[in-house]
Amino acid sequence: MAGKPTTSLSIPPGLPPKRLRVECDPEAFGFQTTADLKPAPGLVGQERAIDAIKLSASIGHKDFNLYVLGHEGTGRHTAVTDLLTKAAIARPVPCDWVYVNNFDAPHLPTAIRLEPGTAAILKNAMQQLVDDLANEIPALFESEDYQTQRRAIEEELGQKHEEPIAEFSERAQAENVALLRTPMGFMLSAIVGGKPIKPEVYEALPEAQRKEIDAKIETLQAQLTSILERGPELEKEHRQRIEALHAAMAERVVSLRVQDVTRQFHNNASVRSYLENVRRDMTSNAELFLMSAQQGNNGPFPEVIRKYHQDRQFDRYAVNVMVSHSAETPSAPIVTEDLPSLPHLTGRIEHISEMGALSTNFTLIKPGALHRANGGYLILDAHRILSEPYAWDTLKRCLQSRAISITSLAERFSFSSTVTLEPDPIPLDVRIVLIGDRRLHMLLQLLDPEFGQLFKIQADFEDDLPRNAKNTRALAQVVAGYAAKEDLKPMSAPAVAALLDHAVRLADDSKKLTLELGALTDVMREADFYAASQKRDLISGADINKAIQQAEHRTARIKERMQEAVARKTIQIDTTGEVVGQINGLAVVGMGKTHFGRPSRITARARMGTGKLVDIEREVELGGPLHSKGVLILGGYLASHYALDVPMSLHASLVFEQSYGGIDGDSASSAELYALLSALSGAPIRQGLAVTGSVNQNGEVQAIGGVNDKIEGFFDTCTAQRLTGAQGVLIPAANVDHLMLRKDVVDAAAAGKFRVIPIKTIDQGIEALTGIPAGKRSRSGAFPKDSINGLVEAQLRSFANSRRSFGASQGDARDQEQA
């Protein structure tokens, strides 16, 4: 193997500043402020999603419910609300629904469909009906006609009751037996000397005479008992005749008043049938109105309690309005339920406490979101409904049965022991719109076979759109629309340019513009505050930049602490000098919506072995599967590029120094390979250059994510330790189009103090890092001796030869021992 190599190649030049940050030109906009722009009529770049929403909103077939997926802040809720509002105008106004009493089975309330806007009319009509009868029926029962008929019934009953008694009394008198009335009833007594006999006189009579009296009284007692047994029958007849009288008297006024209500709903057969049941029940229970009148000024209860119970006795005639639509607003309902729990979704049955016990009736049925949205659209958050117990299953059941059935959780778990109701299911015609993310959509399709049957349409919102003149101006119009909607100050052209530059940065692609309008709107609001604090009427580019910088500053505490640890050498990162088998890899640290780049020292060590490449992170279970995959690719690269005619006799180890958490991703695989090649060749790596990018088995450097954060993270580290002009970052050439670096990084590159070097292959990267040619195989199949590849191959052959010699010597030693 040759001696330690010497550096002969200079650091490659980096990309020109104009490739590091492609900014918008305010002069090319063609306007001075956003006040000169006509706001965009709709969302830009979301045609695919908009078409899907329109289809779901307009198609009449069932099960074409909609799932809206995309990142938060892309305008999903706004687009859905706007498009559904337009579609709702074309749909008919839904019918009203009410629950009324089922007089035959009160636990099974009856649902009635009504024309739009008539539910309240029916409810008021029934209230007025009860109020009128509460006054008219008591007055009717105080009339002379009623009193005359009542007296006739009473007199007839008296005659039927007294005449048999009088006849019996005469028969007893003829037999010298008197019929006496006592507080306890009737009794018989013998008459002696014209007077009822006293007990002491009776005891003094001869025994024969006493027996004669006893026999006579026993016979008469049996006759009296027979007569008195007819009393309950007469009382029953009396009650029936009184009730018949009440019904006959009430029939006229009840029929007249019910007929007035019926005329208002003569086209609705269900209402006519219900009112006929009301008429019969009111006629049969006219005493309710008499009791109400009698209790008006009497009773032991306080006035408030008495009034409550008087009102409750007429609940049987109430109308419980579940949903009512105004006929003056010709539009289908659009309902957004923020808390889609089971009771809020399908409604609930409430209970009240009466004398220590819970009771309920049909007036305590409360509507849910499905009732309010019936005939229109219901917007739900996918995550929230899936987190509520039984809400998702119940929603699917309602969509499949096309009916709303009210079921409580207590009933489903059999926890309720109180009287409950089973209301009629209400037919359901609603379009459900679920709003969620892509991951949840994928899981529902994978794990819930019913999801794809019920939600046949998906509206997939784009995260970004191509950056061109047309889209740039369209996004500027959207920005102008948001500024007007949020009542913000107009923005100058430079301010719009700065905001769109931020949109490019959020897209992580210099040829894309983000569609996360929520993030852009937050910047606009903060910039508007800064402009107002300076008493300016226009938002400037400086206000936008300040808002962006302040937002980054508010979340930079952990980033600054890490940079401080590097500056104080607590975390060891070298940005100058050269070291064998050591390189600076780059990673992105993410915490919620905050993310930043930070360098990590990667070291490699190599010696003779059995062809094993040890990933220390994986061995201690800190490395994720993607990171382990990248390390295994390194083994494949070495085995297929070097010393093909000898066994792989390498034992190497790779580790991220001072890493105390999990590591995943393959974006550091190229850096690990560079460190390993340096350890094998003995060529030192320039510590002023950091590396990011993954590698394949062919030695091609592949694109990675977060390239801007990684470059800026290493730039901040170099700045803290002083820029020397020999520092920079090696990135995959495929990531050049993703660059949208901070202005201070671009300025440093323009001044020659920092560079960003695009790399396509491992050979290009190792040359830049070591200053030594990588070397290509000649026609003879050998690498140049002084090249990196030649040195690596020579080292691997040396390991193989040493292993062969060691194996032979061990074999000779065993032979000698056996001899």
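The values are calculated or read from the model by the stated rules, or taken from the named source; none is laboratory data. Values in this document were obtained by computation on a predicted structure and should not be read as measured data. Every residue, glycine as well, gets a Cβ built from its backbone with ideal geometry; the counts of neighbours run over all protein chains shown. The area values use the complete protein model at the heavy-atom level, side chains included, leaving out ligands, DNA and RNA. Shrake-Rupley method; radii C 1.70, N 1.55, O 1.52, S 1.80 Å.
Per-structure values
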quantity	calculated
Residue among Gly693, Gly725 that is at positive phi, of a type outside the set (A, V, I, L, M) and without any contact (Cβ under 8 Å) to a residue 40 or more places away in the chain	Gly725
Residue match in the range 337-347 (condition: assigned to a strand (DSSP E or B), open to solvent by less than 20 Å² (accessible area, probe 1.4 Å) and not small (Gly, Ala, Ser))	no
Selection count, the range 408-423, where residues are buried (at least 17 other Cβ atoms within 10 Å of the Cβ) and either modelled with pLDDT of 90 or more or of a type in the set (Gly, Ala, Ser) (or both)	2
Wholly enclosed strands (runs of 3 or more DSSP E) of the range 641-741 bearing at least 3 residues closer than 14 Å to Asp763 by Cα	728-732
The range 315-359, residues that are more than 25 Å from the chain's Cα centre (by Cα) and among the basic types (Lys, Arg)	Arg316
Residue under evaluation Asp747, criteria (1) over 48 Å from the mean Cα position of the chain (by Cα); (2) more than 18 Å from Pro12 (Cβ to Cβ), criterion not met	(1)
Per-region count, the range 532-558, residues without any contact (Cβ under 8 Å) to a residue 40 or more places away in the chain and part of a loop (DSSP other than H, G, I, E, B)	3
Enumeration of residues in the range 450-471 that are surrounded by 15 or more Cβ atoms within 10 Å (Cβ to Cβ), more than 31 Å from the chain's Cα centre (by Cα) and either without any contact (Cβ under 8 Å) to a residue 12 or more places away in the chain or not in a helix (DSSP H, G or I) (or both)	Arg467
Tabulated pairs, the range 790-808, first surrounded by 19 or more Cβ atoms within 10 Å (Cβ to Cβ), second in a helix (DSSP H, G or I), C-beta under 6 angstrom, 6+ apart or interchain	Leu791/Ser681; Val792/Leu677; Val792/Leu680; Val792/Ser681; Gln795/Leu680
Flag if Arg397 is over 17 Å from Asp96 (Cα atoms) and not in a loop (DSSP other than H, G, I, E, B)	yes
Selection within the range 516-541 - under 19 Å from Val504 (Cβ atoms) and open to solvent by 60 Å² or more (accessible area, probe 1.4 Å)	Asp522
Tally, over the range 472-496, of residues that are in contact with a strand residue (DSSP E or B) (Cβ under 6 Å, 6 or more places away or on another chain), modelled with pLDDT of 90 or more and in a helix (DSSP H, G or I)	1
Residue tally, condition in contact with a helix residue (DSSP H, G or I) (Cβ under 6 Å, 6 or more places away or on another chain) and open to solvent by 40 Å² or more (accessible area, probe 1.4 Å), over the range 572-594	2
Residue under evaluation Ala726, criteria (1) under 24 Å from Ile685 (Cα atoms); (2) crowded, with 20+ Cβ neighbours inside 10 Å, criterion not met	(2)
